[in-house]
Structure formats: C-alpha cells, structure tokens
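The values are calculated or read from the model by the stated rules, or taken from the named source; none is laboratory data. Since we're looking at a predicted model, the values are computed, not measured. Don't worry about glycine lacking a Cβ; one is built from the backbone with ideal geometry, like all the others, and counts go over all protein chains shown. For accessibility, only protein heavy atoms count, side chains too; no ligands or nucleic acids. Shrake-Rupley method; radii C 1.70, N 1.55, O 1.52, S 1.80 Å.
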Amino acid sequence: MQLTELNRECLLHIFSFLDKENRKNLSRACQVLREVFHDPALWSLLCFSSPSELKRDNFLLSHALRSLSICWHSSRVKVCNIEDWMKSSFQRSICSQHQNLVNSFLIQISDRCPNLLSVILSGCGHLTDGYIIQILQKCTKLNMLKLENCARLTDKTLEAVTIYGSSLTTLHVDFCRNVTQEGLCLVRRKCPSLSLSAERSAQMIPDQPDKRGNLGTGKKQRLQW
C-alpha cells in the first residue's frame, strides 16, 4: 500500500510526528499530501525557537491554533534588550534584521487565530505592549499567557490583562524589567483568582523613567492599539 492510499485521519496522524520543515518537505510529494499539510487540524500547536523561523512558509495559521510558543534563547537576546539609545551601530544592525518579526507575527495571530488558548513568549526583546494588548482583545478564550525576558513590556500589558483577560487563569511576567510593583498589585487586586508569577520583575533596573508604562504617574492613558 502506498502512503497516499491511507485515509485522511491516518495521514494526519503520520504528519503529526514530523516537525514543521519535514511536514513541508513531505507535502511537496503530491497533491494529496499538500492537502493534508494545509489541514487546519494539523496546526493546533506551533513552537518556534527563534524569530527567523517566523519568516518560513512551513506552517499554517488558522482558527485551529490553540497553543503558540516563541522561545528564543540566544546571545542576541542580550543585544535586543539593550535600550535603543545605548546600542552601537553594530548592535542596531543586528536588531534591524529581526526587530519587527515577532510584532508583525502577533498581528497575524490576533487576526487569524481567535481560538488561541495559550501563548508563551520568551526572549522577545522587541515585543511591545500594543501587540500583547491586541492578542488579549481578539483572542478572548486565552487562558494562559507567559512572558519571560521581554524587556519592553510595561504596566500597560498588566492593565490590559485586568480589562480584557477575563478568561486568563495563568499569567507570568518573569524577568520583565519595566514591569513595576504597582502594576503587579493592580493585577492582584482586580484579578484575585489569577495565578500570577513575576520572578525578578519589579526588582530589576528599569529603562529610563519616562519610557516606562507606569500607571501611577499623571493621568492613566486609555489603552490604545
């Protein structure tokens, strides 16, 4: 029996054991396998180990996506986390190659994956509040949000959690240096049932004060996309 003689359920099961690149390679064999590759049921989970993987065409975004993970553990993350005004021209050149990738990808996620349940983002040094806010606004079933070492996130993300994160049961904002104790207290006060982790956040050296999303200085600005 040839592979293409198997029914759709069996083919999906076989594809499920392959990584993204091998799924893409197998799909090039014939039309039947291309159709299996584009079946949304195959793409309920997406994991990426670097922003550069987001540019490849070896995956599908659809309403079937339930879990997204972008975890970048690289020496380049340290460069991304440096404040822009402190970067050398060489460091800015490194960042220019990928600084918009995660943010642009999250726009696609929020537009095309409304049934998302879990998001894990680690080492995304260029990620900013607005893109997380849009995820919270449009992916209303989201129940787990884990953010680690995302230097540009501020209390605006925490405020958005209290407004739009009605389905959230778990929130991590670990090693996010621009999150403040006041922001964490706001979440604990307004979402007492939420499981909140903030390892080292609010204890790290923040960026320049005028660049922080502090909720306690001046009038609160309405969250805007």
Inset, instruction - Sort out which residues of region 131-148 are closer than 24 Å to Ser74 by Cα and either among the β-branched types (Val, Ile, Thr) or more than 12 Å from the chain's Cα centre (by Cα) (or both), and write them in order of number. - result: Ile132
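Just to be sure before I move on: is Lys78 basic (Lys, Arg) and part of a helix (DSSP H, G or I) in the structure I sent?
In short, yes.
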Legend entry - Neighbours by Cβ (under 7 Å, 6+ apart or cross-chain): first from region 1-20, within 17 Å of Leu60 (Cα to Cα); second assigned to a helix (DSSP H, G or I) and open to solvent by 60 Å² or more (accessible area, probe 1.4 Å): Leu12/Ala41
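Hey, among the residues in region 84-106 that are crowded, with 16+ Cβ neighbours inside 10 Å and at pLDDT 90 or above, which one's farthest from Arg177 (Cα to Cα)?
Phe105
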Inset, instruction - For Lys146, indicate whether it is in contact with a strand residue (DSSP E or B) (Cβ under 9 Å, 6 or more places away or on another chain), outside any loop (DSSP other than H, G, I, E, B) and open to solvent by 50 Å² or more (accessible area, probe 1.4 Å). - result: yes
Legend entry - Unmet criterion (only one of (1) over 26 Å from Pro206 (Cα atoms); (2) part of a helix (DSSP H, G or I); (3) open to solvent by 10 Å² or more (accessible area, probe 1.4 Å)) for Ile109: (3)
Inset, instruction - Check region 50-73 and report whether any residue there is under 22 Å from Ser122 (Cα atoms), open to solvent by 70 Å² or more (accessible area, probe 1.4 Å), at pLDDT 95 or above and not basic (Lys, Arg). - result: no
Inset, instruction - For region 194-212, indicate whether the set of residues that are among the polar types (S, T, N, Q), open to solvent by 10 Å² or more (accessible area, probe 1.4 Å) and at pLDDT 95 or above is non-empty. - result: yes
Inset, instruction - Would you check which residues across region 83-103 are free of Cβ contacts under 8 Å to residues at least 12 places away in the same chain, among the polar types (S, T, N, Q) and either at positive phi or not in a loop (DSSP other than H, G, I, E, B) (or both) and list them? - result: Ser89, Ser93, Ser96
Inset, instruction - Kindly provide the set of residues from region 132-145 that are in contact (Cβ under 8 Å) with a residue 40 or more places away in the chain and either touching a Leu at 6+ places or on another chain (Cβ under 8 Å) or of a type in the set (Asp, Glu) (or both), ordered by number. - result: Ile133, Gln134
Legend entry - Flag for Leu33 being within 30 Å of Leu168 (Cα to Cα) and modelled with pLDDT of 95 or more: no
Inset, instruction - Quickly run through region 15-31 and pick out the residues that are part of a helix (DSSP H, G or I) and either among the small types (Gly, Ala, Ser) or surrounded by 15 or more Cβ atoms within 10 Å (Cβ to Cβ) (or both). - result: Phe15, Ser16, Lys20, Arg23, Lys24, Leu26, Ser27
